[in-house]
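Just so it is clear, none of the values below were taken in a lab; they were calculated from the coordinates. The model shown is predicted, which means the values in this text are computed figures rather than measured ones. Backbone-built Cβ (ideal geometry, glycine too); neighbour counts: all protein chains shown.
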């Protein structure tokens, strides 16, 4: 979602001056445009979920919408020009996101929802026209791409071709660490488990999330099960929960939130961001999030995500923005773009 300079100025003005009418906003801002234009722009900001109104007619007053911080577009390049110590961040875990905010908010705008629904319809049409053999071949291709990119985001140096050789023929790349090959092989095992047990993931649970994580970190010297100690995240001062019981509670509440959502795209997006935000495990959290979210998509016959064209740095920045500001806009853009990519690339 893009927002132009004037609308940005209007929103920032309302942040500082709530409870004003459109005429007062027009008068005090002096934007060099007419009252009708200001009213039209205010109306657009309301529709986008940045502002809310109280009253009717001439008595209408404008306020910042409670979801403003969650959905407001942020320029990532400008945001990350500041060093960690210069950024004003929400350093602690925000419980209200799971229990109060996400249960009430529509994560996608009508335009985004229409686009995603249209892409899903195209995917259903595509797979109805291919044979089972071709479908399985494409699913394997997507799985290789996903294993490669999901591991690359976490620092794995295997190329896509090397990943294909490893997963299809068990040829390990020369000069690479054993741990890198194990990460990729584990990814395939976990993905195969999800594909073979689609009905198992009709709903999510803490036990199912732990099960996928265990498969992903097998034989890698990484602690399994819910962590019992504090972990730090590179590049941010955000500190996840450090109490095992609170972590389990947050995960359990997240599962209830996701299971109660009707929209499959919302379920998927919530799993992607919240498992990473909670950081329930010592390592492998984002890989677990990407696989569990794909498990939900596959269970409901939606196109799975490969993330093949996402830039690893952009992915990490979008995630850090959510950690620090609880803002999902950058990550949501990645999600919508990646869903469009997979529908236009696989199962054709």
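With contacts taken as Cα pairs under 8 Å and at least 6 residues apart, the chain reaches a relative contact order of 22 percent. Under a 10 Å cutoff between Cα atoms, tell me which one of 302, 323, 85 has the largest fluctuation in the Gaussian network model of the chain. Checking each option, the largest mean-square fluctuation is seen for 85.
Output needed for region 93-145: three equivalent-ellipsoid semi-axes, defined as square roots of 5 times the C-alpha gyration tensor eigenvalues, in descending order, whole Å.
Those come to 34, 17, 8 Å.
Modelled spin-label separation between residue 301 and residue 259, with each label point placed 7 Å from Cα along the Cα-to-Cβ direction: 2.4 nm. Average projected area of the Cα convex hull of region 86-345, in nm²? For region 86-345, averaging the hull's shadow over all directions gives 13.8 nm². Rounded to whole Å, give me the distance from the Cα center of region 1-80 to that of region 251-292. If we compute the Cα centre of each part, the gap is 32 Å. Between 73, 110, 280, the residue with the greatest mean-square fluctuation in the GNM of the chain (Cα pairs under 10 Å linked by springs) is 110.
Could you give log10 I(q)/I(0) at q = 0.12, 0.15, 0.18 Å⁻¹ for region 31-182, computed by the Debye formula over C-alpha point scatterers of equal weight, without solvent? Values returned for q = 0.12, 0.15, 0.18 Å⁻¹ are -0.94, -1.10, -1.17. Using the alpha-carbon atoms, what tilt in degrees (0 to 90, nearest 10) does helix 132-153 show relative to the longest principal axis of the chain? Approximately 70 degrees, to the nearest ten. Could you give the Stokes-Einstein D for region 136-241 in µm² per second, using the C-alpha Kirkwood radius, 25 °C, 0.890 mPa s? Calculated translational D: 160 µm²/s.
Based on alpha carbons, the Rg and Dmax found for region 1-103 are 15.6, 46 Å.
Max-minus-min Cα coordinates of region 142-191 on each principal axis give 25, 23, 17 Å, with the largest extent listed first. Above 17 Å, the calculated P(r) of region 223-336 contains 55 percent of its Cα-Cα pairs. All alpha carbon pair distances within region 5-65 were sorted into 10 Å bins beginning at 0; the resulting P(r) in whole percents reads 25, 66, 10. Computed from Cα atoms, the angle from the helix 312-325 axis to the main principal axis of the chain rounds to 50 degrees. Sorted fewest first by neighbouring Cβ atoms within 10 angstrom, 266, 100 come out as 100, 266. The C-alpha atoms of the chain define a longest principal axis, and helix 285-299 lies at about 90 degrees to it. Note on the chain: with a GNM built from Cα contacts shorter than 10 Å, the maximum mean-square fluctuation among 125, 152, 239 falls on 125.
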